[in-house]
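The values are calculated or read from the model by the stated rules, or taken from the named source; none is laboratory data. A quick note: this is a predicted structure, and the numbers were derived from the prediction, not measured. In this analysis, Cβ positions are derived from the backbone assuming ideal geometry, glycine residues included, and neighbour counts consider all displayed protein chains.
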Amino acid sequence: MVFSLFRRRDDRATRELYAAIVAQARQPHFYANLRVPDTIDGRFDMIVLHATLMFARMKGEGEAAGACAQAVFDVFFRDMDHALRELGASDTSVPRKVTRMAELFYGAADAYMTSLGADGDEALAAALRRNVYGASTECDSEAEALARYVRASARHLTGQEVAAIVAGRIAWIDPAPFASQKQHTQ
């Protein structure tokens, strides 16, 4: 009984919620049409973005929502630890790399949360340009389209019951309608 107090919350609902975040982050549209780099870093950036959207929805929603968000965060970083080891990172370098990933996560999440609170999509597009596109001005149109997707996703998540999300059920919007201006003119 006492040992259950120290057990990590890694239940079915948490795993399902994390899997849904990863599945949405892997939508081909982001990589094929919005030019998110289809690299380990690009995929990490998209998981961070979608996790942040879920965390934003759970913020201020009570103890169960906070515990759920923390559990998803913990699963995310255990998954990153495991992925690094699978990629051949040495046992001694993994903690340093995970620490760096956490720093990147917190920096991006803070930028996204702040810009989601601002009017318009300019600040959000700038944060995405920095974090997803490496500040490339060649992807301005794609960063703007991704910002519109992120804003619409945040609104969509707001309409979902916290209890359903805590139970592992989250619904994402289809990213396909969010195209860059370049795609419209081609």
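Considering (1) assigned to a loop (DSSP other than H, G, I, E, B); (2) buried (at least 16 other Cβ atoms within 10 Å of the Cβ); (3) within 15 Å of the chain's Cα centre (by Cα); (4) of a type outside the set (Phe, Trp, Tyr), the lone condition that ILE173 does not fulfil carries the number (2). Just wondering, is there one or more residues in segment 41-55 that are surrounded by fewer than 18 Cβ atoms within 10 Å (Cβ to Cβ) and either free of Cβ contacts under 8 Å to residues at least 24 places away in the same chain or of a type in the set (D, E, K, R) (or both)? Scanning segment 41-55, I find at least one residue that is surrounded by fewer than 18 Cβ atoms within 10 Å (Cβ to Cβ) and either free of Cβ contacts under 8 Å to residues at least 24 places away in the same chain or of a type in the set (D, E, K, R) (or both), so the answer is yes. Based on what the data block shows, is ARG78 among the charged types (D, E, K, R), modelled with pLDDT of 75 or more and either farther than 20 Å from ALA23 by Cα or assigned to a helix (DSSP H, G or I) (or both)? Yes; evaluated as a whole, the condition is true for this residue. Looking at ALA135, is it surrounded by fewer than 20 Cβ atoms within 10 Å (Cβ to Cβ), more than 25 Å from GLN70 (Cβ to Cβ) and either free of Cβ contacts under 8 Å to residues at least 12 places away in the same chain or in contact with a strand residue (DSSP E or B) (Cβ under 6 Å, 6 or more places away or on another chain) (or both)? Against the criterion (surrounded by fewer than 20 Cβ atoms within 10 Å (Cβ to Cβ), more than 25 Å from GLN70 (Cβ to Cβ) and either free of Cβ contacts under 8 Å to residues at least 12 places away in the same chain or in contact with a strand residue (DSSP E or B) (Cβ under 6 Å, 6 or more places away or on another chain) (or both)), ALA135 qualifies. If only residues of segment 103-158 that are small (Gly, Ala, Ser) and not in a helix (DSSP H, G or I) are counted, the one that is nearest to ILE47 (Cα to Cα) is GLY134.
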